[in-house]
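Following: one structure in structure tokens, then a few remarks.
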Amino acid sequence: MKNFVGKTRENGARDSVVILEDVRSVHNVGAIFRTAEAAGVSKIYLCGVSPAPFDRFGRVRKDFAKTALGAEKIVAWEQVTDAGAVIRRLKKDGYFICAIEQTPRSVDFREIPDGKNVVYIFGNEVLGVSKTVLDTADLVADIPMCGRKESLNVSVAVGIILYSRYR
């Protein structure tokens, strides 16, 4: 815990932003909000079909609130249709863009450079991050799998990646 506390944004750690591209499950997105808040993420962009804390009529999504446990009231978030436009803007603002996906060009997530403001992009539970978005990334990283399953739940992957910033 000391290592994590010693690197909070207030003490000079770099900024982290999360982009969720077409993450479909409201439970996954709620859990990601909770983890992101705990890890000090400054903003979450909900792209495509990724559900927001409120439905299209402005009503609170109870299933979202149940998993986010109030984090949706703390972490800044924005719902956008085009992930590419957000990525271009953040890249122009000096952010390092890192897509988390299993591809032939992926590197181990422990190779994500330290000392930069980073945007982490996570994709759909089945299809992953789109090729269009992968092509805009400065780096594509994955989490090595030791078992027979090929992937983790997206909310679990978010936790591993976000807390790796504090190594």
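The values are calculated or read from the model by the stated rules, or taken from the named source; none is laboratory data. A quick note: this is a predicted structure, and the numbers were derived from the prediction, not measured. Neighbour counts are summed over all protein chains in view; Cβ atoms, including those assigned to glycine, are modelled from backbone coordinates with ideal geometry.
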task = Would you be able to tell me the number of residues in the stretch 107-126 that are of a type in the set (Gly, Ala, Ser) and either in a strand (DSSP E or B) or at pLDDT below 95 (or both)?
result = 1
Breaking point among (1) in a loop (DSSP other than H, G, I, E, B); (2) on the phi < 0 side of the Ramachandran plot, for LEU20 = (1)
query = Just one of the numbered conditions (1) closer than 26 Å to TYR166 by Cα; (2) over 14 Å from the mean Cα position of the chain (by Cα) is not true of ASP63; which one?
reply = (1)
query = Across the stretch 83-118, which residue is surrounded by the fewest Cβ atoms within 10 Å (Cβ to Cβ) among those that are more than 16 Å from ASP22 (Cα to Cα) and of a type in the set (A, V, I, L, M)?
reply = VAL107
request  = Give the stretch 130-155 a look and list any residue that's of a type in the set (S, T, N, Q) and either part of a helix (DSSP H, G or I) or surrounded by 15 or more Cβ atoms within 10 Å (Cβ to Cβ) (or both), or say none.
outcome  = SER130, THR132, THR136, SER151, SER155
query = Does ASN124 qualify as being touching a residue at least 60 places away in the same chain (Cβ under 8 Å), surrounded by fewer than 20 Cβ atoms within 10 Å (Cβ to Cβ), within 12 Å of the chain's Cα centre (by Cα) and on the phi < 0 side of the Ramachandran plot?
reply = yes
remark   = Inside the stretch 127-145, the number of residues satisfying the requirement of being more than 24 Å from ARG24 (Cβ to Cβ) and under 16 Å from the mean Cα position of the chain (by Cα) is 2
message = Looking for something modelled with pLDDT of 90 or more, out of contact with any Ser or Thr (no Cβ under 6 Å at 6 or more places or on another chain) and among the charged types (D, E, K, R) - is there at least one such residue anywhere in the stretch 37-55?
response = yes
query = If you take the residues in the stretch 58-73 that are exposed (fewer than 15 other Cβ atoms within 10 Å of the Cβ) and touching a helix residue (DSSP H, G or I) at 6+ places or on another chain (Cβ under 6 Å), which one is modelled with the lowest pLDDT?
reply = ASP63
